[in-house]
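A.B. asks: Quick one: the structure is below, questions incoming.
The values are calculated or read from the model by the stated rules, or taken from the named source; none is laboratory data. Quick caveat, the model's predicted, so the values are computed rather than measured. Here the Cβ positions follow ideal geometry from the backbone for every residue, glycine too, while neighbour counts run over all protein chains shown.
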Amino acid sequence: MTVPRKPLILFDGDCSFCRRWIDRWRFYAAERVDFEPYQQAADQFPQIPREQFRQKIQLIEPDGSISSGAAAVFRMLAISGRYRWLIWLYDFLPGFAFVTERVYRLVARHRNGFDKLDKLFIGQTREPATTQYTCALFLRALGAVYFIAFVSLWVQIQGLIGSDGILPAADYLNAIRRAIPDASQRVWQFPTLCWLNTSDGFLQALCAAGTVMSVLLIVGVAPIVMLAGLWLVYLSLVVAGQTFLGFQWDSLLLEAGFAAMLFAPAQLFVGLRTKREPSHVGLWLLRWLAFRIMFLSGITKLLWDDPAWLDWTALNYHYWTQPLPPWTAWYVNQLPAWFGKFSVGVMYFAELIIPFLIFGPRMVRRAAFWGIVLFQLSIALTGNYGFFNLLTIVICIPIVDDTFWWKRLRRNPVSPVRQPLLAGCGLAPIAIAVIAITLVAFARECRMAFPFPQWMRSLDECAYPFRSANGYGLFRVMTTFRHEIIVEGSDDGLTWKSYEFKYKPGDVDRRPMFCEPHMPRLDWQMWFAALGNYQSNPWFVSFVRRLLEGSPSVTRLLKNNPFPEHPPKYVRARLFDYRFTSRPERAQTSAWWRADELRYYLPPISLRDYSKNGD
């Protein structure tokens with residue numbers, strides 16, 4: 001009996017289906033296993049009937065043991081350092097061996113049919129589904145999103161939460177200190193580096209540090225270290241930023257950054273041709289995140305019983321009622337009503353059907369990638385959502401594998417170097433905890449009263465302050481009107497001058513503009529404030545006070561300051577109903593908007609009124 005020096009797989013060399021899969025396995029085996037067609041080597045192993053070679057692949061090991069069929073596949077993968085858990089299930093899980101061997105037999109008997117399915121769903125390439133290049137590309141793209149987020153916030157942070165800003169971080173954290181005397185408890189509930197310092201210089205330093213680390217991540221320097229630093233700094237700013245950093249995409253960036261830490265290879269530099277294979281745990285957490293972003297955005301539109309979504313008319317309102325519509329939204333709004341209903345159908349398909357393709361084989365995942373990317377681009381072309389659309393596209397990069405990218409960019413594939421087994425085992429509990437928390441959040445967004453175990457609910461409560469395992473549900477309720485707040489100042493209470501914002505509608509003749517990927521946070525909050533009243537938006541009252549004080553940090557957030565020499569004595573806010581003009585109206589007036597005054601949002605107020613109220 002011939003005994004090979006190292007494990008040897010014998011396969012049917014006349015079968016194209018077998019050859020394609022052997023080439024994929026050979027790549028992973030990386031010299032640990034030999035592969036030969038049985039037509040060339042069967043005579044060396046007379047103990048194996050030739051008919052068995054035709055029916056099943058054979059694995060012959062140096063100790064003389066022989067495996068065939070599914071068992072041979074699982075043992076070969078384990079020897080190659082991949083999917084060791086499959087052979088454990090085969091050996092110890094009752095029924096697993098029986099089922100997998102029957103499936104193997106079914107495939108072997110119908111190789112031609114499964115060959116066609118393989119080409120259709122996995123592709124004709126013989127390259128395996130490696131993700132080294134995909135991971136390196138994803139990390140650089142995520143670094144670019146972090147860079148945009150930090151720079152965008154950096155130019156606003158002084159006016160938003162600085163010492164003379166709208167909601168000073170120092171006042172906020174001092175209020176928390178008074179409410180929660182125990183230091184460890186308040187740090188856990190409000191995790192931010194701003195407990196160390198709340199000065200304007202420190203806030204600027206956090207933005208600067210985030211910008212520098214994002215550049216280093218783009219370059220590929222110490223990705224896990226950079227990702228940990230970026231996550232900590234951005235979390236610190238989100239907590240200190242209060243209502244101005246409470247958007248879903250802020251939480252999405254934190255969750256994506258946390259999952260990326262589990263996905264990135266553990267090395268000091270990650271080039272585009274790195275050999276270190278990223279963690280499969282992080283890979284599937286990112287795919288799970290991409291699924292939740294899309295599917296929850298769709299299913300909540302149905303489960304929250306909003307009439308506009310249920311009767312498919314929501315997009316007849318969306319283009320002019322969204323927070324910051326660009327000029328393209330005006331043109332789309334002029335299209336017939338049937339186009340709006342058709343678009344809702346496309347939206348439901350993109351958000352409810354395509355996400356399930358994320359978990360399919362290679363070609364199916366490619367379809368999911370393109371479907372989500374095109375859908376996000378269509379949203380970005382008609383709206384201003386900061387870095388959200390770009391971030392969603394970046395999160396979709398791990399859906400595909402290295403064979404998706406142009407071969408000249410990634411050059412020739414290199415055999416992967418597996419992550420240390422200890423690292424993979426250490427990530428498993430983290431992954432289980434993240435999945436448990438996100439399932440609770442998933443059910444909460446869907447209004448499902450599912451009886452989760454107490455340990456899952458406790459995990460959800462403990463993890464909430466870190467905003468890294470979230471539920472999502474964008475535009476689950478469609479706003480069918482548009483109210484705009486026009487802020488005005490006066491020196492005498494008779495002549496009033498308007499403060500014009502940089503991006504939100506104001507002057508009806510001003511063309512709506514694009515500002516993405518920049519996120520103008522004050523302009524966005526003005527949209528939310530218009531949905532209620534000033535009593536439910538205390539930040540707006542603080543904003544008006546800063547205008548009365550002439551805070552330069554706040555006025556820099558605006559397009560113009562009608563009182564450049566001195567602040568006004570009085571400020572008021574009026575509420576208007578805005579709508580896009582029709583084509584005939586715009587041809588006649590050249591206005592993009594039609595505005596009808598409703599009432600005062602905030603009556604005229606002066607600094608003396610703040611003093612009277614003790615504020």
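A.B. asks: Out of Ala30, Ala42, I need the residue that is more than 30 Å from Arg276 (Cβ to Cβ), modelled with pLDDT under 90 and either touching a Gly at 6+ places or on another chain (Cβ under 9 Å) or buried (at least 17 other Cβ atoms within 10 Å of the Cβ) (or both). Which one?
C.D. replies: Working: Ala30 fails: more than 30 Å from Arg276 (Cβ to Cβ).
After applying the criteria, what remains is Ala42.
A.B. asks: Shifting gears a bit: Somewhere in region 584-593, is a residue within 38 Å of the chain's Cα centre (by Cα) and not in a strand (DSSP E or B)? Write out each step before concluding.
C.D. replies: Here is the first cut: in region 584-593, the residues within 38 Å of the chain's Cα centre (by Cα) are 591-593.
Filter once more, keeping what is not in a strand (DSSP E or B): 591-592.
Scanning region 584-593, I find at least one residue that is within 38 Å of the chain's Cα centre (by Cα) and not in a strand (DSSP E or B), so the answer is yes.
A.B. asks: Can you confirm whether region 213-229 contains a residue that is part of a loop (DSSP other than H, G, I, E, B), on the phi < 0 side of the Ramachandran plot, not aromatic (Phe, Trp, Tyr) and not assigned by TED's automatic domain parsing to the domain that holds Pro552?
C.D. replies: no
A.B. asks: Based on what the data block shows, is His280 out of contact with any strand residue (DSSP E or B) (no Cβ under 7 Å at 6 or more places or on another chain) and more than 26 Å from Ser214 (Cβ to Cβ)?
C.D. replies: The answer is no for His280.
A.B. asks: Sticking with this one: Of Ala314, Ala368, Ala350, which residue is within 22 Å of Thr130 (Cα to Cα) and crowded, with 20+ Cβ neighbours inside 10 Å?
C.D. replies: So the residue among Ala314, Ala368, Ala350 that is within 22 Å of Thr130 (Cα to Cα) and crowded, with 20+ Cβ neighbours inside 10 Å is Ala368.
A.B. asks: Among residues belonging to region 137-177 that are among the small types (Gly, Ala, Ser) and in contact with an Asp or Glu (Cβ under 7 Å, 6 or more places away or on another chain), point out the one that is farthest from Pro265 (Cα to Cα).
C.D. replies: Ser163
A.B. asks: Now, a different point. Which ones in region 325-341 are free of Cβ contacts under 8 Å to residues at least 24 places away in the same chain and either within 30 Å of Met526 (Cβ to Cβ) or touching a strand residue (DSSP E or B) at 6+ places or on another chain (Cβ under 9 Å) (or both)?
C.D. replies: From region 325-341, those free of Cβ contacts under 8 Å to residues at least 24 places away in the same chain are 331, 335-336, 338-339; that's our starting set.
Across region 325-341, the qualifying residues are Tyr331, Leu335, Phe339.
Listed here are the residues, each with its yes/no results for (1) surrounded by 14 or more Cβ atoms within 10 Å (Cβ to Cβ); (2) in contact (Cβ under 8 Å) with a residue 12 or more places away in the chain.
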site	(1), (2)
Pro512	yes, yes
Met526	yes, yes
Tyr534	yes, yes
Trp539	yes, yes
Lys569	yes, yes
Thr581	yes, yes
Glu585	yes, no
Asp596	no, yes
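A.B. asks: Picking from Leu235, Leu262, which residue would you name as being at pLDDT 95 or above, closer than 30 Å to Val187 by Cβ and in the same structural domain as Ile161 (by TED's automatic domain parsing)?
C.D. replies: So the residue among Leu235, Leu262 that is at pLDDT 95 or above, closer than 30 Å to Val187 by Cβ and in the same structural domain as Ile161 (by TED's automatic domain parsing) is Leu235.
A.B. asks: Return the pairs, sorted by first residue and then second, in which the second residue is among the hydroxyl-bearing types (Ser, Thr, Tyr) and part of a helix (DSSP H, G or I), the first residue lies in region 262-291 and is over 30 Å from Ala441 (Cβ atoms) and touching a residue at least 24 places away in the same chain (Cβ under 8 Å), the beta carbons are less than 9 Å apart, and the residues are 6+ apart or on different chains.
C.D. replies: Pairs found: Leu272/Tyr133; Arg273/Tyr133; Thr274/Tyr133.
A.B. asks: Is there any pair linking a residue in region 342-371 that is in the same structural domain as Phe295 (by TED's automatic domain parsing) to one that is charged (D, E, K, R) and buried (at least 19 other Cβ atoms within 10 Å of the Cβ), with Cβ under 6 Å and at least six apart or on different chains, and which?
C.D. replies: Matching pairs, first to second residue: Ile358/Arg287.
A.B. asks: Consider only pairs whose beta carbons are under 9 Å apart and that are at least six residues apart or on different chains; among these, list those whose first residue lies in region 1-16 and is loosely packed, with under 12 Cβ neighbours inside 10 Å and whose second residue is outside any loop (DSSP other than H, G, I, E, B) and among the acidic types (Asp, Glu).
C.D. replies: Pairs found: Arg5/Asp34.
A.B. asks: Moving on. On the basis of being part of a helix (DSSP H, G or I) and of a type outside the set (Asp, Glu), does Leu232 make the cut?
C.D. replies: Values: part of a helix (DSSP H, G or I): yes; of a type outside the set (Asp, Glu): yes.
It is true that Leu232 is part of a helix (DSSP H, G or I) and of a type outside the set (Asp, Glu).
A.B. asks: Applying the selection to region 76-85, what residues are hydrophobic (A, V, I, L, M, F, W, C), buried (at least 18 other Cβ atoms within 10 Å of the Cβ) and under 34 Å from the mean Cα position of the chain (by Cα)?
C.D. replies: The one that is hydrophobic (A, V, I, L, M, F, W, C), buried (at least 18 other Cβ atoms within 10 Å of the Cβ) and under 34 Å from the mean Cα position of the chain (by Cα): Leu77.
A.B. asks: Across region 577-611, what is the number of residues that are polar (S, T, N, Q) and within 22 Å of Thr321 (Cβ to Cβ)?
C.D. replies: Result for region 577-611: 3.
A.B. asks: Okay, moving on. If you go through region 115-144, how many residues are over 14 Å from Ile22 (Cα atoms) and either touching a His at 6+ places or on another chain (Cβ under 9 Å) or not β-branched (Val, Ile, Thr) (or both)?
C.D. replies: The qualifying residues number 19.
A.B. asks: Still on this structure: Can you pull out every residue in region 13-60 that is assigned to a loop (DSSP other than H, G, I, E, B), more than 22 Å from Gly113 (Cα to Cα) and touching a Lys or Arg at 6+ places or on another chain (Cβ under 8 Å)? Even if it seems obvious, please write down each step before you answer.
C.D. replies: To start, the set of residues in region 13-60 that are assigned to a loop (DSSP other than H, G, I, E, B) comprises 13-15, 30-33, 45-49, 56-57.
In the following step, the residues that additionally are more than 22 Å from Gly113 (Cα to Cα) were identified as 30-33, 45-49.
Passing the criteria: Arg32, Val33.
A.B. asks: Taking region 114-164 on its own, how many of its residues are polar (S, T, N, Q), within 28 Å of Met261 (Cα to Cα) and in a helix (DSSP H, G or I)?
C.D. replies: Matching residues across region 114-164 total 3.
A.B. asks: Let me ask something else about it. Write out, first by first residue and then by second, each pair whose Cβ atoms fall under 7 Å of each other, whose residues are 6+ apart or on separate chains, and whose first residue, in region 158-177, is touching a residue at least 40 places away in the same chain (Cβ under 8 Å) and surrounded by fewer than 20 Cβ atoms within 10 Å (Cβ to Cβ) while the second is in a loop (DSSP other than H, G, I, E, B) and among the β-branched types (Val, Ile, Thr).
C.D. replies: Leu173/Thr198
A.B. asks: Just give me the residues in region 521-539 being part of a loop (DSSP other than H, G, I, E, B) and not polar (S, T, N, Q), in sequence order.
C.D. replies: Correct list: Leu531, Gly532.
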